[in-house]
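Peer 1: Let me give you the structure first, and then I'll get to my questions.
No value in this document is a laboratory result; all are computed from the given coordinates. Just so it is clear, the model here is predicted, and its values are computed rather than measured. Here the Cβ positions follow ideal geometry from the backbone for every residue, glycine too, while neighbour counts run over all protein chains shown.
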Amino acid sequence: MRITEKAHAELDKILQRGDLAIDATLGNGYDTQFLAQKVGTSGHVFAFDIQKESIEQSTRFLGENKLENRVTFYLSCHSKIKQNLPIELAGKIKTVTFNLGYLPGGDKKIITKPDTTLSALKQAHLCLSDNGIISLISYRGHEGGRCEFEEIEKLIKQEHWPVQKTPGSEAPDSPVLFIIGKAYRGADGSTSNS
Ligand code: SAM
């Protein structure tokens, strides 16, 4: 199973019709397509990318699949989730997906960067509903990828976020899927954020 399929399998366990979701790295729109299908006509997906090419290609692709009405596109860095997302939706997002790195078939020099990725991750975590999750795929094989991966690991540890980590294979450079939960729950129902 490819790592993107593993991510979708995890999302499939929790996403329901009517849910709200964010795709923090729209790319060619495949993750957004998956999310839009899962949330149905009563749900919504908010999708971010810094490349016009990604927004144009995905708008076309989702249009062909009759899903464009379920998606709001932002030509914006994901570190601006807070500025872009309607304020009343904070705390109501079921899932935020990150598929880091570069646009397949696009300019390989335009990649996600640790500073903005970490900022986006913190904002994404604040947006989540109590039972929400972040799905994040980090690539260790390209230049800058390992450093970004290590920074993400550091942040998760520092924030005490519950996490499930699945490498794509045993190869040291394989991509890694992180499934990050909202907060630890103690036996008394208390959380690490409370
Ligand atoms: N989810 C995509 C799909 O289903 O096709 C694949 C995403 S691709 C691996 C990574 C994307 O992240 C690229 O399209 C790139 O332009 C975008 N990206 C890079 N830096 C970004 C940033 N700071 N904010 C939002 N998107 C960014």
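Peer 1: Is the shape of the range 13-121 rounded, prolate or oblate, going by the alpha carbon gyration tensor and its root eigenvalues a ≥ b ≥ c, with a/c under 1.5 for rounded and a/b larger than b/c for prolate? Could you put the intermediate results ahead of the total?
Peer 2: Values: a/c = 1.83, a/b = 1.20, b/c = 1.53.
Oblate.
Peer 1: Can you give the local net charge around ARG2? Use residues other than it whose beta-carbon is closer than 15 angstrom to its beta-carbon, Lys and Arg +1, Asp and Glu -1. Kindly include the intermediate steps, with their values, before the conclusion.
Peer 2: Working: positive: LYS6; negative: GLU5, GLU10, ASP12, ASP31.
In short, -3.
Peer 1: Something else now. Run the paramagnetic zone check for ALA9: 7 angstrom along Cα to Cβ, then residues of the range 20-35 with backbone nitrogen under 19 Å.
Peer 2: So the set is 31, 34-35.
Peer 1: A follow-up question, please. Percent relative contact order of the chain, based on C-alpha pairs within less than 8 angstrom and at least six residues apart?
Peer 2: Numbers: 357 pairs, mean separation 36.6, N = 194.
Worked out over the chain, it gives 19 percent.
Peer 1: Please list, by residue number, every one of the GluC sites (Glu not before Pro) in the range 107-182 that is coil in DSSP and has at most 12 other beta-carbon atoms within 10 Å. Present the calculation step by step, with values, prior to reporting the outcome.
Peer 2: Numbers: sites: GLU143, GLU148, GLU150, GLU151, GLU153, GLU159, GLU170; in loops: GLU143, GLU170.
In loop regions of the range 107-182 (DSSP not H, G, I, E or B), the sparsely surrounded GluC sites (Glu not before Pro) are GLU143, GLU170.
Peer 1: Based on the alpha-carbon gyration tensor of the range 73-194 and its eigenvalue square roots a ≥ b ≥ c, which shape applies: rounded if a/c is under 1.5, prolate if not and a/b is larger than b/c, or oblate?
Peer 2: Working: a/c = 2.26, a/b = 1.29, b/c = 1.75.
Taking the square roots of the gyration eigenvalues as a ≥ b ≥ c, the range 73-194 is oblate.
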